[in-house]
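Working notes for the structure below.
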Amino acid sequence: MTERLKTDILVVGAGPAGSLAARYAAEKGVKVTMIEARSNIGVPVRCGELVPSIEEITDMFPNLTGAEELFDLPSDLAVRNVEGIRLIDPKDRVWEFPFTGYTTDRDRFDQYLADQAVKSGADLIKSCRFFEREGNIAKTSEGEIEFRTIIGADGPGSRVAQSLGLPANQNPYPAVSAQAEGDYDPYIQMFFGGIAPGAYAWIMPKAGTANVGVGFSPKFSDGSLRGYFDKFVKAHDIKVLTPIHGKYVPSEGPVSKTYADVGMVVGDAAGVVMSVNGGGIPQAMITGRMAGEVAADNVLNNRSLAEYEQAWRNVLYKPLKIAAGNKKLADTFAFRSERSTALCMKLLGKRRMGKLIRCKRLFP
Ligand SMILES: Cc1cc2nc3c(=O)[nH]c(=O)nc-3n(C[C@H](O)[C@H](O)[C@H](O)COP(=O)(O)OP(=O)(O)OC[C@H]3O[C@@H](n4cnc5c(N)ncnc54)[C@H](O)[C@@H]3O)c2cc1C
């Protein structure tokens, strides 16, 4: 870019949150520009690649409307259907219960969503990094962009949030993933403890392969992710096929404010991740759609950006706060040692752990 580019809505980040925001804003006929720091959308993959079914999503977020349309994705993005979850404690005891969804190839998934935004009329500029904002001007690696409304979809350490004076995610934890060899049955396996206190690991079945990953809370263990990952794959005799890649996962639920005078934050930038399991793709898409619609109406009819926050709070706030509360309980009582993790899982039992995973209250 040589001259200053002008747009109605500037979306920063082409993950699920940004692409949905760009798509729904562009569908209303305003000029939308989406910038993405990476040269190749979704690459490298830093995700467990699990997408819950519409039934699971609406069970977790019963106030959600329009779920069928939002999650109506091409069948080839579902690499492998999932039928259940196995939770495994440090003593290798297993709790198994039904859970439906599918694993995807996250790079193709993100590329499809970005293509949909472009098909709806949004302009996409790759290899373009947002640095800072001055009034209605965004300074980027490719020059300045003038906007009316900015949407920060730039992940957990959002620079857009910072530039808008919005709160940052507190205590995000690091997690990594990689592709591995192996034919697994259609069950997600989640291991708590076993590697180190406060660490967890997963194996997500794909087609003849699996997604394998590890996350840990630096509050309880001071090792390295690389070290914990290597320990996990060695203990389970897993052959890893790709390098590991990771990033931070918000762990304390939604940030306290997600809109300012000229912009909003969505997805991980808004902290809308399920603290108990690290899942954030559905909420990124939900908040992206809401912000895109409100931003377009703001440009066309002066609709207040505060309505975006009301909209997502109505759908996501309660379940995500319950999940954040449950995570706090787990941090206090379970994750301190391998022994306490095993004991707490035994005390909770299958029914309550099913509730935990689905962001529901553990006790009446
Ligand atoms: C290891 C791991 C495993 C996970 N597994 C799952 C899972 O199995 N299921 C699930 O639902 N969730 C999972 N999550 C969480 C999920 O990945 C996120 O919640 C989801 O990606 C959030 O989408 P988003 O669009 O908000 O952010 P992101 O997907 O992080 O997208 C942000 C985009 O913004 C770009 N960007 C960042 N900064 C800038 C900048 N300054 N300028 C321009 N562009 C920028 C980035 O390159 C990126 O493309 C996992 C997370 C991790 C780390």
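Checking ILE35 against (1) within 10 Å of the ligand (Cβ to nearest atom); (2) farther than 16 Å from ASN136 by Cβ: exactly one of these is not met. Which one?
Going through the list (1) within 10 Å of the ligand (Cβ to nearest atom); (2) farther than 16 Å from ASN136 by Cβ, ILE35 breaks only (2).
Return the pair list, or none, for Cβ contacts closer than 8 Å from residues in the range 1-15 that are over 14 Å from ARG148 (Cβ atoms) and among the hydroxyl-bearing types (Ser, Thr, Tyr) to residues that are at pLDDT 95 or above and open to solvent by 20 Å² or more (accessible area, probe 1.4 Å), at least 6 apart or on different chains.
Close Cβ pairs satisfying both conditions: THR2/GLY143.
Return the residue satisfying two criteria in turn: it lies in the range 127-144 and is within 11 Å of the ligand (Cβ to nearest atom), under 13 Å from ARG4 (Cβ atoms) and not acidic (Asp, Glu), and of such residues it is most open to solvent (accessible area, probe 1.4 Å).
The selected residue is LYS139.
Among (1) closer than 22 Å to GLN111 by Cα; (2) not in a helix (DSSP H, G or I), which single condition is SER275 missing?
If we test SER275 against (1) closer than 22 Å to GLN111 by Cα; (2) not in a helix (DSSP H, G or I), just (1) comes out false.
Condition test on GLU68, is it away from the ligand (no atom under 14 Å from the Cβ) and modelled with pLDDT of 95 or more?
Spelling it out, GLU68 is indeed away from the ligand (no atom under 14 Å from the Cβ) and modelled with pLDDT of 95 or more.
Out of curiosity, is PRO218 of a type outside the set (Phe, Trp, Tyr) and within 11 Å of the ligand (Cβ to nearest atom)?
In short, no.
Which residue out of ARG93, ARG86 is modelled with pLDDT of 95 or more and of a type in the set (Lys, Arg)?
ARG86
PRO156: outside the structural domain of ARG38 (by TED's automatic domain parsing) and either within 14 Å of the ligand (Cβ to nearest atom) or closer than 24 Å to ILE85 by Cα (or both), yes or no?
So PRO156 does not fit the description; no.
Taking SER163 as meeting all but one of (1) outside any helix (DSSP H, G or I); (2) open to solvent by 10 Å² or more (accessible area, probe 1.4 Å); (3) within 11 Å of the ligand (Cβ to nearest atom); (4) small (Gly, Ala, Ser), write down the number of the exception.
Exception for SER163: condition (1).
May I ask you to say which residue of ASP72, ASP92 is on the phi > 0 side of the Ramachandran plot and open to solvent by 60 Å² or more (accessible area, probe 1.4 Å)? Give the derivation first.
Numbers: ASP72 fails: on the phi > 0 side of the Ramachandran plot.
Answer to the check: ASP92.
When you look at ALA311, is it surrounded by 15 or more Cβ atoms within 10 Å (Cβ to Cβ), among the small types (Gly, Ala, Ser), at pLDDT 90 or above and in the same structural domain as GLN283 (by TED's automatic domain parsing), yes or no?
In short, yes.
Yes or no: TYR102 within 15 Å of the ligand (Cβ to nearest atom) and in contact with a strand residue (DSSP E or B) (Cβ under 6 Å, 6 or more places away or on another chain)?
Spelling it out, TYR102 is indeed within 15 Å of the ligand (Cβ to nearest atom) and in contact with a strand residue (DSSP E or B) (Cβ under 6 Å, 6 or more places away or on another chain).
Within the range 9-112, which helices (runs of 4 or more DSSP H) (wholly inside it) include 3 or more residues that are aliphatic (A, V, I, L, M) and under 18 Å from the mean Cα position of the chain (by Cα)?
Values: elements: 16-26, 54-60, 67-70.
Counting at least 3 such residues, we get 16-26, 54-60.
Could you list all residues from the range 199-225 that are touching a residue at least 24 places away in the same chain (Cβ under 8 Å) and either outside the structural domain of ALA334 (by TED's automatic domain parsing) or more than 16 Å from GLU49 (Cβ to Cβ) (or both)? Let's see the steps before the verdict.
Initially, the range 199-225 is screened for residues touching a residue at least 24 places away in the same chain (Cβ under 8 Å), giving 199, 201-221, 223, 225.
Passing the criteria: ALA199, PHE216, SER217, PRO218, LYS219, PHE220, SER221, GLY223, LEU225.
Wholly within the range 193-265, which strands (runs of 3 or more DSSP E) include no fewer than the required count, namely at least 2 residues that are open to solvent by 10 Å² or more (accessible area, probe 1.4 Å) and modelled with pLDDT of 95 or more? Don't jump to the end; show me each part of the working.
Working: elements: 199-205, 209-216, 245-249, 263-265.
The qualifying strands (runs of 3 or more DSSP E) are 199-205, 245-249.
Quick check on SER304: is it open to solvent by less than 70 Å² (accessible area, probe 1.4 Å), touching a residue at least 40 places away in the same chain (Cβ under 8 Å) and polar (S, T, N, Q)?
Details: open to solvent by less than 70 Å² (accessible area, probe 1.4 Å): yes; touching a residue at least 40 places away in the same chain (Cβ under 8 Å): no; polar (S, T, N, Q): yes.
It is false that SER304 is open to solvent by less than 70 Å² (accessible area, probe 1.4 Å), touching a residue at least 40 places away in the same chain (Cβ under 8 Å) and polar (S, T, N, Q).
Among the residues of the range 194-215, write down those that are among the small types (Gly, Ala, Ser) and either within 11 Å of the ligand (Cβ to nearest atom) or under 19 Å from PRO90 (Cα atoms) (or both).
GLY194, ALA196, GLY198, ALA199, ALA201, GLY213, GLY215 - these are the residues of the range 194-215 that are among the small types (Gly, Ala, Ser) and either within 11 Å of the ligand (Cβ to nearest atom) or under 19 Å from PRO90 (Cα atoms) (or both).
Restricting the search to the range 266-295, which residues are more than 7 Å from the ligand (Cβ to nearest atom) and open to solvent by 10 Å² or more (accessible area, probe 1.4 Å)?
VAL276, ASN277, ARG289, MET290, GLU293
The values are calculated or read from the model by the stated rules, or taken from the named source; none is laboratory data. No experiment lies behind these values; they were computed from the predicted model shown. Please note: Cβ atoms are built from the backbone with ideal geometry, for glycine as well, and neighbour counts cover all protein chains shown. What goes into the accessible areas is simple: the full protein's heavy atoms, side chains included, and nothing from ligands, DNA or RNA. Shrake-Rupley method; radii C 1.70, N 1.55, O 1.52, S 1.80 Å.
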